[in-house]
Amino acid sequence: MENQGVNYFVEAGKRAAEWHKHHLEEMRRCRFDTIAVHGIYSMQEALDFNQGSLIEPVYMSTSQGYRNSDEMEAGLGYMIPTWCYSRIANPSIYYYEGVLALLEGYGSGLETSCVATSSGMAAIQSAVDPFLVEDPKRPGAKMNFVATTQLYGGTFQQFAIRKDQERNIEWRKVYRSTDLDEWEKQIDENTRFLYGEMPSNPSLSFFDLEKVAALAHKYNLPLIIDSTVATPALMRPLEHGADIVVQSVTKSLATSGFAISGAVIARKNITSNIDNDEMKADFCAYLKLLPNRDNGPNISPMSAILALNDIRTIRMRMDQVSTSTQKVAEFLENHKAVEKVDYLGLSSHEYHQLASRYLFLADSELDPHYGKKVNRYGHLMSFCVKGGPAPTRQVFDAFQRIYRATDLGRIKSVATIPAISTHSQQGEEGRKMANIPDNLIRLCVGAEHPDDIIRDLEKALDSLEGKKVSFSSPEYSAGGASSAKLQK
Ligand SMILES: *Cc1c(COP(=O)(O)O)cnc(C)c1O
């Protein structure tokens, strides 16, 4: 092939980008389920480039080969759409990012973009770090950020240890996130962003997103929301004013539980007091091409496609697991051995009213079964067992269907005791801040029939009255040394 010059490829790149932009516009006009199912993978792309493959191919390759030095120069100079090296970009990862950007922006009319990360924690780190840079106008001033204390345990540690303790960046804590004054009085000229998780894991805290977003913007700050528990099927923080959303895609979005995965999704033109126009114009494109290129929190193409495959059914699953969880929560609320049940769908919950203004099943008004907007509250709930940690462990140990694991969002029901697992590292004081007593069991109801989950819970709770629950199981699973031990 004769060299036609860099410009030849730049022109071809422009035509391709134009085509993709047009295709994105078409997808943006589709309904939620259509977007979730097809994402940004087009029939044209399937037929012309992927041998007609119906499903997005897994491009398990570290890098792209170029036709010649001109194309390489155009690619590496970010002058054409390219995937040069999988730490930066990859076609499979591109499909994953595309669907998440569209789903988080659904119904908002906003232009959104997404950058994939290897985990939810990497998404949080990627989302907050670009703001934690020194202000040249205030050299040496101690930076801070304002964030709620009701957070996932890993986030709590990232903020308390990695940021506050190790980097001397002050975490200004909001204890009661519904109190707007508490947020506001922590903000000063050295604040870089506001951060909240809602609903929070596991305590299901909730705040008035629109009011907190307005507060952030009043001070020229971005609002970052961890929306893992809701998923875009139930709530899309960007349409309520948030600038950036982080997702642990690992959880409900990728319910099968094959791999860890994360994402940052942002609106175009975010608010920030940092003097960096490129970052503000398209935050995720900036992350992808610069900081994340240099720091390397990229996802594997395999994990991206595995997650993508689950994302297709997110709306219908969140509908089903939400109605099941409602039933389970109502059962537990009426059980005499249960001290308290936390589920946003229960009218007894402190934030039920507030959550009901934000959590709706996407497109339910178009569903012939519903015909109107219906609230759905997700599948995360928790309950406290009467009598303290010992009976709590006894109930927990008696589950025969519900898995004991530090996980959530699974297609199978999973439970944990946060005080001895996800939230053990932050200590007793930290748990008090996050509202996590030691008799609390976090339960995430899967897609089993709810009656079978209720039966498992009932038997486990009955064990407190001395009714024996026999857990008959081989000591270890089949395979390897453990099964040899059983055969002795
Ligand atoms: C699990 C979780 C995270 C961390 O995500 P990983 O994918 O495990 O790194 C962050 N936020 C919330 C709310 C989570 O539940």
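The values are calculated or read from the model by the stated rules, or taken from the named source; none is laboratory data. Keep in mind that this is a model prediction, so the values were computed, not measured. Cβ coordinates were reconstructed from backbone atoms using ideal geometry, including for glycine residues, and neighbour counts include every protein chain displayed. Ligands, DNA and RNA are stripped out before the accessible areas are found, and what is left, the full protein with its side chains, is counted by its heavy atoms. Shrake-Rupley method; radii C 1.70, N 1.55, O 1.52, S 1.80 Å.
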What does the accessible area per residue of the chain come to in Å², with a 1.4 Å probe and no ligands, DNA or RNA counted?
44
Per-pair calculated FRET efficiency, R0 = 35 Å: Arg87 and Glu11 via Cβ, rounded to 0.05
0.80
Expressed as a whole percentage, what fraction of the accessible surface of segment 87-194 belongs to carbon and sulfur atoms when a 1.4 Å probe is rolled over the protein heavy atoms?
46
In Å, the Kirkwood hydrodynamic radius of the chain over pairs of distinct alpha carbons?
23.9
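With a 1.4 Å probe and all protein chains left in place, how much of the accessible area of segment 412-467 comes from carbon and sulfur atoms, in whole percent?
45
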Can you pick out the pairs among Lys268/Lys372; Lys288/Lys412; Lys185/Lys386; Lys173/Lys386; Lys373/Lys459; Lys142/Lys185 whose Cα atoms lie more than 27 Å from each other?
Lys268/Lys372; Lys288/Lys412; Lys185/Lys386; Lys173/Lys386; Lys373/Lys459
If I fit a long axis through the Cα atoms of helix 301-311 and take the longest principal axis of the Cα atoms of the chain, what angle between them do I get, 0 to 90°, rounded to 10?
60
GluC sites (Glu not before Pro) within segment 1-41: DSSP coil, no more than 11 neighbouring Cβ in 10 Å
Glu2
Approximate spin-label separation Ser69-Lys336, in nm, with each point projected 7 Å along Cα-to-Cβ:
8.6
Per-residue accessible area for Thr406 at 1.4 Å probe radius, Å² rounded to 10?
90
So the angle from the long Cα axis of helix 91-105 to the longest Cα principal axis of the chain, reported in degrees to the nearest 10, equals 70
Work out how much length Glu166 to Tyr219 would gain on full extension: take 0.36 nm times their residue separation and subtract the Cα-Cα distance, in nm to one decimal.
16.4 nm
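Once the piece of chain linking Asn295 and Met316 is laid out straight, how much longer is it, given 0.36 nm per residue of separation minus the C-alpha distance between them? Before the final figure, lay out each step's value.
Details: separation 21, 0.36 × 21 = 7.56 nm, distance 3.62 nm.
Length gained, Asn295 through Met316: 3.9 nm.
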Using 0.36 nm times the number of residues separating Gln44 and Tyr175, minus their current alpha carbon distance, what extension gain do you get?
42.0 nm
